[in-house]
Amino acid sequence: MASPQGSRAPLEFGGPLGAAVLMLLLPATMFHLLLVARSGPARLLGPPPYLPGPEVLWSPQMLLLWFTWLGLQAALYLLPAGKVAEGQELKDKSRLRYPINGFQALVLTALLVGLAVSAGLPLGELPEMLLPLAFAATLTAFIFSLLLYLKALVAPASALAPGGNSGNPIYDFFLGRELNPRIWSFDFKYFCELRPGLIGWVLINLALLMQEAELRGSPSLAMWLVNGFQLLYVGDALWHEEAVLTTMDITHDGFGFMLAFGDLAWVPFTYSLQAQFLLHHPQPLGLPMASVICLINAVGYYIFRGANSQKSTFRKNPSDPRVAGLETIPTATGRQLLVSGWWGMVRHPNYLGDLIMALAWSLPCGVSHLLPYFYLLYFTALLVHREARDEQQCLRKYGLAWHEYCRRVPYRILPYVY
Ligand SMILES: NC(=O)C1=CN([C@@H]2O[C@H](COP(=O)(O)OP(=O)(O)OC[C@H]3O[C@@H](n4cnc5c(N)ncnc54)[C@H](OP(=O)(O)O)[C@@H]3O)[C@@H](O)[C@H]2O)C=CC1
Ligand SMILES: CC(C)CCC[C@@H](C)[C@H]1CC=C2C3=C(CC[C@@]21C)[C@@]1(C)CC[C@H](O)C[C@@H]1CC3
């Protein structure tokens with residue numbers, strides 16, 4: 001099968017074998033984390049307390065609940081609220097249009113959940129349903145990826161992603177063949193990237209907080225911090241929803257199992273790990289330590305938001321007074337690269353800020369267990385790998401100018417270290 005570019009893109013993620021291993025390892029890790037978070041010893045590297053049978057994982061009611069959630073988020077996505085933005089230029093020179101109403105979806109979901117809880121919805125019982133819900137999400141991701149793979153068979157070559165079209169079915173199923181699979185104007189990848197998983201994550205966190213309040217009279221300070229920090233992160237992502245249109249997930253990667261599972265299952269059920277841990281392993285946290293942790297999160301957020309906003313302001317309008325004074329390197333494409341400000345400090349200042357926040361999300365869980373630090377470890381690996389992938393793409397795009405940028409800004413994520 002010919003690659004859409006005429007030549008085959010280099011294989012990533014360890015090729016077909018790596019893809020096959022990841023397809024088994026990722027769901028297994030997610031279920032392992034869900035099981036150990038509620039176990040007494042909560043050992044990240046120990047065996048799970050038990051192996052759940054089909055009667056624990058499979059529940060038609062939970063499948064129905066999961067589809068209701070997806071349906072609600074799809075309905076909110078389709079609401080004609082907010083503006084419509086154009087994506088990056090595609091190979092055929094066209095641009096797709098995307099609704100920018102993610103923040104409205106978050107607020108409306110909060111209102112609906114608030115109403116439902118005041119009408120008696122037992123949200124605090126959600127933590128007991130995480131295993132069958134995660135199973136429903138995983139099953140959905142597998143079936144959905146299969147349908148996307150089949151859909152790509154009839155898609156025109158111009159609709160295919162640069163990677164994910166190697167001709168190996170396992171690899172292509174994992175990476176995803178079609179760049180922007182859509183039915184009419186409904187864009188599946190864009191919808192999944194920001195809505196059901198991210199909003200689901202903060203809803204699970206809230207349910208864990210409510211159950212802690214039921215169990216112990218009130219939520220702990222540690223639980224408040226984890227909920228607050230992660231709500232800020234999700235709210236920020238949805239407030240700046242348009243920025244996702246320039247990420248490699250939207251502009252470069254196809255929509256296959258990696259993103260379908262990542263968006264629908266991995267994000268809500270593993271990113272809520274710290275709150276899951278805290279429900280079953282309450283941690284004492286005094287005000288002085290809580291203040292230090294808040295400061296760490298604030299520093300991380302300041303760097304993350306500062307770097308992301310500086311780049312997007314510059315990309316939208318380089319003569320904007322907020323960025324006009326920054327030093328730049330011209331490239332053969334006509335675009336420029338920032339070489340001072342946040343992007344002159346390291347080549348991925350936004351990753352640095354994100355990692356500092358990840359540390360702040362784990363610290364409220366104390367230092368007695370490694371488990372709540374799983375996100376920090378996984379995220380470091382994800383961002384180091386993502387940085388290397390982005391580097392390759394920038395090298396292809398900008399050639400010599402990128403070499404010059406790397407010479408001027410030698411560190412990738414952490415100044416003087418990496
Ligand atoms: N929580 C999570 O699980 C995840 C969070 N994230 C976060 O999402 C955000 C987006 O990340 P990501 O999509 O990886 O990429 P980035 O936002 O870092 O974008 C990389 C792109 O920025 C442009 N760029 C790079 N250097 C410069 C420069 N010096 N001047 C101007 N433009 C430059 C290039 O594109 P071009 O030149 O074409 O504009 C490059 O391809 C980050 O904050 C990241 O931390 C990401 C992944 C997972
Ligand atoms: C588990 C797999 C190996 C990889 C799955 C990756 C996905 C979980 C992530 C890929 C890129 C993501 C982005 C975000 C969430 C995680 C995924 C979907 C954000 C939406 C998080 C909030 C930021 O402000 C923007 C991010 C864009 C990329």
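Numbers at a glance
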{"read-out": "Segment ASP236-ALA74, length gained on full extension (0.36 nm per residue, minus Cα span)", "value": "56.3 nm"}
{"read-out": "Cβ-derived FRET efficiency at R0 56 Å, VAL417 paired with PHE67, nearest 0.05", "value": "0.75"}
{"read-out": "Percent carbon-and-sulfur accessible area, the chain, ignoring ligands, DNA and RNA, probe 1.4 Å", "value": "69"}
{"read-out": "Karplus-derived 3J(HN,Hα), 6.51/-1.76/1.60, for each residue of the range 402-418, Hz, glycine and proline x", "value": "5, 4, 5, 4, 5, 5, 6, 10, x, 8, 7, 10, 10, x, 6, 10, 9"}
{"read-out": "Solvent-accessible area per residue, Å², over the range 88-216 with all protein chains present [probe radius 1.4 Å]", "value": "42"}
{"read-out": "Cα centroid of the range 274-298 to Cα centroid of the range 343-418, whole Å", "value": "24"}
{"read-out": "Restricting the range 156-212 to chymotrypsin sites (Phe, Trp or Tyr not before Pro) in coil, as DSSP defines it, with at most 10 other Cβ within 10 Å", "value": "TRP184"}
{"read-out": "Zone residues, the range 58-92, relative to SER312, backbone N less than 16 Å from point 7 Å out along Cα-to-Cβ", "value": "82-88"}
{"read-out": "The chain - mean residue ellipticity at 222 nm from DSSP helices (-39,500 (n - 2.57) per run, n ≥ 4, rounded to 500)", "value": "-18500 deg cm²/dmol"}
{"read-out": "Whole-Hz ³J(HN,Hα) from phi, Karplus 6.51 cos²θ - 1.76 cosθ + 1.60, for the range 20-30, glycine and proline x", "value": "5, 5, 5, 5, 8, 5, 5, x, 4, 5, 4"}
{"read-out": "11 Å beta-carbon shell around PRO127, net charge (K/R +1, D/E -1)", "value": "-3"}
{"read-out": "Among 157-166, 24-33, the order from most to least packed when residues are scored by Cβ within 10 Å on average", "value": "157-166, 24-33"}
{"read-out": "P(r) weight above 26 Å for the range 287-417, C-alpha pairs, percent", "value": "30"}
{"read-out": "Hull volume in cubic angstrom per residue (convex hull over the Cα atoms of the range 79-119)", "value": "71"}
{"read-out": "Solution diffusion estimate, µm²/s, Stokes-Einstein, the range 334-377, Kirkwood Rh from C-alpha pairs, 37 °C, viscosity 0.692 mPa s", "value": "265"}
{"read-out": "Residues of the range 287-417: accessible area per residue with a 1.4 Å probe, Å²", "value": "49"}
{"read-out": "P(r) histogram, all alpha-carbon pairs of the range 1-134 included - 10 Å bins from 0, percent", "value": "9, 21, 25, 29, 15, 2"}
{"read-out": "Two-site label geometry, GLU387 and VAL339: point separation in nm, points 7 Å out along Cα→Cβ", "value": "2.0"}
{"read-out": "Residue of SER272, SER39, SER94 that the Gaussian network model of the chain assigns the largest fluctuation, springs spanning Cα pairs under 10 Å", "value": "SER94"}
{"read-out": "Quarter of the Cα convex hull surface for the chain, i.e. its orientation-mean projected area (nm²)", "value": "21.4"}
{"read-out": "Pairwise FRET efficiency - ALA332 versus LEU115, Cβ, R0 = 41 Å, nearest 0.05", "value": "0.15"}
{"read-out": "Rough spin-label spacing in nm, given labels placed 7 Å along Cα→Cβ, for LEU400 and LEU44", "value": "4.6"}
{"read-out": "For the chain, built as a Gaussian network whose Cα springs stay under 10 Å, the top-fluctuating residue of PHE13, PHE269, PHE277", "value": "PHE13"}
{"read-out": "Entries in LYS151/LYS397; LYS189/LYS316; LYS93/LYS311; LYS91/LYS397; LYS91/LYS316 that, when Cα-Cα distance is taken, lie over 19 Å", "value": "LYS151/LYS397; LYS189/LYS316; LYS93/LYS311; LYS91/LYS316"}
{"read-out": "Full-extension gain in nm, VAL107 to ALA213, via 0.36 nm per residue minus C-alpha separation", "value": "35.9 nm"}
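The values are calculated or read from the model by the stated rules, or taken from the named source; none is laboratory data. Note that the structure is predicted; figures quoted are calculated from it, not measured. Neighbour counts are summed over all protein chains in view; Cβ atoms, including those assigned to glycine, are modelled from backbone coordinates with ideal geometry. The area values use the complete protein model at the heavy-atom level, side chains included, leaving out ligands, DNA and RNA. Shrake-Rupley method; radii C 1.70, N 1.55, O 1.52, S 1.80 Å.
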